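A quick write-up on the structure given underneath.
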Amino acid sequence: MKTDELITALATGAEPVDPRAPSRRLLLGSLAGIALAVPLMLALLGLNPQLAQAAQWPMFWVKLGFVAAVALTAFVLALRLAKPGTPTQRASAALAMPFAAIWLLAVVALIASAPGERAPLVMGSTWSTCPLNITVLSAPALALTLWVMRSLAPTRLPLAGAAAGLLAGALGATVYTLHCPETAAPFIGTWYVLGMLVPTLVGAALGRFVLRW
């Protein structure tokens, strides 16, 4: 068979790929991760008994907005890293913004507090369990996002795995807000970030192997 005939044969019946398919896959994986994390949170931790009251405080929504913003920007970054040759500079800059905002709020809160009140603002009452809880709740989303990323075409494997891990960590942190009683910006900027960092590092480590194609 000649080269031209081979190309024609391979192209016969080929259909265009839907450009929205990768985003739909990653979105479905993310939603499934949340759907699995919610019953896991209820079984292991339970809802915050004062959730209705906490929802009346502005800082509860700041906390929820922070982790949701990280999830959204990590989603965009992961999606770009799943496509070979797609630039990621803007997505990376956008991802830095929610972290900069919560750290700025944390600094303002610490400066405005008396010296004796600063340590409790950072440590809260659940610092020893917060990162672990977020890590555990992010596990379903981490498995699903890595599985979705593997079905696409990432080339920067550790970065793609890290983005998937950060997305999973942010999704786990979002579910964790339904249990967590902490609302101080210094606490959120320290322990929530650490909780999201763990699946990010796990994703980067696993990405070298599970995303290989």
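The values are calculated or read from the model by the stated rules, or taken from the named source; none is laboratory data. Just so we're clear, the structure is a prediction, and the values are computed from it rather than from any experiment. Here the Cβ positions follow ideal geometry from the backbone for every residue, glycine too, while neighbour counts run over all protein chains shown. Side chains included, ligands, DNA and RNA excluded: accessible areas come from the protein's heavy atoms. Shrake-Rupley method; radii C 1.70, N 1.55, O 1.52, S 1.80 Å.
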If I ask for residues that are open to solvent by less than 60 Å² (accessible area, probe 1.4 Å) and part of a helix (DSSP H, G or I), which ones from region 104-118 would you list? A106, A109, L110
Against the condition part of a helix (DSSP H, G or I), surrounded by fewer than 23 Cβ atoms within 10 Å (Cβ to Cβ) and touching a residue at least 24 places away in the same chain (Cβ under 8 Å), how does V193 come out, does it pass? yes
Every residue in region 117-170 that is of a type in the set (F, W, Y) and in contact with a helix residue (DSSP H, G or I) (Cβ under 6 Å, 6 or more places away or on another chain), please. W127
Please verify whether region 191-212 includes one or more residues that are modelled with pLDDT under 95 and out of contact with any helix residue (DSSP H, G or I) (no Cβ under 6 Å at 6 or more places or on another chain). yes
Can you go through A173, A100, A164, A109 and tell me which one is farther than 19 Å from P199 by Cα and either in contact with a strand residue (DSSP E or B) (Cβ under 6 Å, 6 or more places away or on another chain) or in contact (Cβ under 8 Å) with a residue 12 or more places away in the chain (or both)? A109
Against the conditions (1) part of a helix (DSSP H, G or I); (2) in contact (Cβ under 8 Å) with a residue 24 or more places away in the chain; (3) farther than 30 Å from R20 by Cα, where does S138 fall short? Just the number, please. (3)
Residue under question is A55, and the condition is that it be without any contact (Cβ under 8 Å) to a residue 24 or more places away in the chain and surrounded by 11 or more Cβ atoms within 10 Å (Cβ to Cβ); does it hold? yes
Would you pick out the residues in region 24-51 that are surrounded by 14 or more Cβ atoms within 10 Å (Cβ to Cβ) and touching a His at 6+ places or on another chain (Cβ under 8 Å)? M41, L45, N48
